[in-house]
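First the structure, in the form of structure tokens, and then the observations on it.
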Amino acid sequence: MAAIVDFYSETNKSAATPLFSGSGIGIGQSFTGNSGILNNCKFYLFKAGSPTGNAVAKIYTHTGTFGTSSKPTGSALATSDVFDVSTLTGAYQLITFNFTGNDKIALTNGTHYVVTLEYDDGDGGNYLAIGYDNTSPTHPGNMSGTTDYIDWWSDNSYDLCFYVYKDDTVTAKASIQKSSTQTITSKGKIQITEEFTQIITSKAKIVCITKPVLITPISLTIENSPVYFVWEIPTCCKNRNMHAHIQIDKTDNTFGDLEKDLSSYRDSNFEYWDGGAWQPYPIAGVTSVYYGNQARVQVILTNGDKYWKVKGEVK
């Protein structure tokens, strides 16, 4: 099970920067830990030409002023398993870098770190590229980079598209307050749970569906109603079209007093990210091409404490 530590969505991507030997070989983004054990990170990548070799992600101690001059310092605190860059495609994909063994470090709540992607192979015609925002970056941290793994530059006019995950269960407490326009809002806490679902077909075959990763609201956020609930589309071992089912309870996490019980095949306002834009969620479900992409639904809530969960379903 994995939960978000910090992220800057690939929906913010406006440009890409290459990584290859003799040029930039490391790129990073500063972020803030919120406790828990490091699980994995993701970057928005594609390849040009036919690069070979391995890339890794690393976590470093942060130096400088967070959001202004953040950059890595010292030796890496954790290094991911290697990723074979030849398996990339020419289209953007969110690529996962897993941390295992002694590299599953504890992230301290409120402490700043830098997550990096490093690749020192390839050339000017064969390289990997990573998406970032150079138009209107809004992440609290900032981007950094290196050509030699010794000296790192920093630039607060850029933000990488990235995700950092931990092992913990996600619990979010949200205080959703009325705006000056008197929009109906919800004030209280939102507890996020994750659910593993098995659907048995009419032929009595068991279809395995992975646990959805919940993105937002994240822990201790303040939101205004209507609220966007965002998660990653889970996978199905049979590659069937995936539907989404969200429940929001107004009493507790036993989900016996539902305020909302919504399904993507019958209710409106569900959307999924197709790699370039948000699209209406198909009544027939999202195909396996979009497994791992984000999905969301916008919900108007009444006042009170809220608890929510999401699960994937197939028909």
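Every number here is computed from the coordinates shown, using simple stated rules; none is lab data. On a predicted model such as this, the values are computed, not experimentally measured, just so you know. Don't worry about glycine lacking a Cβ; one is built from the backbone with ideal geometry, like all the others, and counts go over all protein chains shown.
Things to note:
- Tensor-based shape of the chain (alpha-carbon gyration tensor, a/c under 1.5 rounded, otherwise prolate or oblate): prolate
- Judged by the gyration tensor of its Cα atoms, with axes a ≥ b ≥ c, segment 3-79 is prolate; a/c meets the 1.5 cut and a/b is the larger of a/b and b/c.
- Close amide-amide hydrogen proximity is noted between residue 14 and 132, 133, 134, each under 5 Å apart and 5 or more residues distant or on a separate chain (H modeled in the peptide plane; Pro and chain starts excluded).
- Backbone HN-Hα couplings from phi across segment 44-49 [Karplus 6.51/-1.76/1.60, Hz, Gly and Pro as x]: 9, 10, 8, 10, 10, x
- FRET E, pair residue 253, residue 167, Förster distance 25 Å, beta-carbon r, rounded to 0.05: 0.80
- Net charge contributed by nearby residues that have their C-beta within less than 14 Å of residue 149 (K/R +1, D/E -1): -3
- Once backbone amide H atoms are built at 1.01 Å from N, residue 225 has 177, 186 as its partners under 5 Å, excluding neighbours fewer than 5 places away on the same chain.
- Cα-based Lys pair tally, segment 3-166, threshold under 25 Å, eight or more apart or on separate chains: 16
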